[in-house]
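Below you'll find the structure, written out as structure tokens, and then a few comments.
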Ligand SMILES: [Fe+2]
Ligand SMILES: [Fe+2]
């Protein structure tokens, strides 16, 4: 080791004997260690440790007030993942004594009286180990941060794709952007009311706008036809649910899985009379049941090219009548309970030309 070189590492030295402190200070300074924090009273260690953030601690065992073991207990209690190695300074070398110090958290010993070479070698080794440990710790943090940033990017991209898909479906349909907004917000509100977590409500808010994405696959002549459908046209129209289900299938993100479920099952009915699979009751995914109720309520109370808007009262009556038939009774209860807030959503996402 070149004695000319400077060592940036900070070493905390604790000894009640001023002569020992002085000696260690001299030996270490002679080796280029300039950043030394000397502590004479063991009761000051924690405070000094927290301000100095040393890379190594040299610790006497036999001290008044707090002995070395107690100091180590206090340091351990801080639960600092970067707690530096602790080297015991001791005149004792009985095996039992040294084992006790090791068990208490010491990493190494330096016998008194101090041997200069031994001291410097142990200090250098432990400082190197601590620097490597710190570097790995920092690198882990950097990596974790990078992963977080990338994950957030992915999440945002996925949300964008999903929202744009929803918009694409709107272009093909009489349904408007405000319908999508109202329907998805009502869905999230119903989900929250029946006890879904905030995170799942957020998923539903983002997934439900794609419920009619399958209409992309319906010919214009049918999709845009004013007036009533012929039975065969109606059959084709109904395929939008399975088309949407296929379109969104195969991605295992929570968002896409929920969107897929909703596209596929938002026309299923509680009593099994819906489409495309005639599922009944709880065999219908809850997200699909929620979207069904929110979608129907908003569609009924909106103007469409082929119909006038129903009044809220008439739509509410229809939903009540269909509890246990078209709709999950538990959701109808949630709907009735939240009616004032649902009407607020209607006001919030109102559109010109559409009224009750
Ligand atoms: Fe639909
Ligand atoms: Fe809809």
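Laboratory data are not the source of any read-out in this text; all were calculated from the coordinates shown. Since the structure is predicted, the reported quantities are computational estimates derived from the model, not experimental observations. So basically every Cβ, Gly included, is an ideal-geometry build from the backbone, and we count neighbours across all protein chains shown.
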Candidates 326, 65, 137: whichever shows maximal mean-square fluctuation once the chain is modelled as a Gaussian network with Cα springs under 10 Å: 65
Considering every Cα-Cα pair within region 163-234, what fraction, in whole percent, is farther apart than 19 Å? 45 percent
Identify which of 238, 22, 307 has the largest mean-square fluctuation in a Gaussian network model of the chain, with springs joining Cα atoms closer than 10 Å. 22
Just for the chain, what percent of DSSP beta bridges are antiparallel, to the closest 5? 5 percent
For helix 116-171, what angle does its Cα long axis make with the longest principal axis of the chain, in degrees from 0 to 90 and rounded to 10? 10 degrees
Which whole-number percent is the relative contact order of region 45-94 (Cα, under 8 Å, 6+ apart)? 47 percent
So for 9, 34, fewest C-beta neighbours within 10 Å to most, what's the order? 34, 9
Pull out a ≥ b ≥ c, the square roots of the eigenvalues of the alpha-carbon gyration tensor of region 205-356, then state rounded if a/c is under 1.5, prolate if not and a/b is larger than b/c, and oblate in the remaining case. rounded
For the chain, shape from the Cα gyration tensor axes a ≥ b ≥ c, cut at a/c of 1.5 then a/b versus b/c, turns out prolate
Which log10 I(q)/I(0) values does region 181-280 give at q = 0.16, 0.20, 0.25 Å⁻¹ under the Debye formula, counting every alpha carbon as one identical point scatterer? -0.74, -1.05, -1.28
Where does each of 97, 171 land when they are ranked from fewest to most other beta-carbon atoms within 10 angstrom? 171, 97
For helix 18-30, report the angle its Cα long axis makes with the longest principal axis of the Cα atoms of the chain; keep it between 0 and 90° and round to the nearest 10°. 80 degrees
Estimated [θ] at 222 nm from DSSP helical runs (n ≥ 4, -39500 (n - 2.57)) normalised by residues in the chain, nearest 500: -18000 deg cm²/dmol
205, 28 arranged by Cβ crowding within 10 Å, fewest neighbours leading: 205, 28
Cα pair count fraction exceeding 16 Å, expressed as % - region 71-167: 71 percent
The simple spin-label model distance between residue 308 and residue 94, using points 7 Å out along Cα→Cβ, in nm, is 10.2 nm
Out of 226, 18, 84, a Gaussian network model of the chain with alpha-carbon springs under 10 Å gives the largest mean-square fluctuation to 18
What is the spread of the Cα atoms of region 1-62 along each of their three principal axes, largest first, in whole Å? 35, 24, 13
Taking 0.36 nm per residue of separation between residue 277 and residue 139 and subtracting their Cα-Cα distance, the length gained on full extension comes to 44.5 nm
Quick one: if the Förster radius is 25 Å, what FRET efficiency do residue 320 and residue 344 give, using the C-beta to C-beta distance and rounding to 0.05? 0.80
Using alpha-carbon pairs under 8 Å, 6+ residues apart, how would you state the relative contact order of the chain in percent? 11 percent
0 to 90° range, to nearest 10: angle between helix 339-348 axis and the chain longest Cα axis: 90 degrees
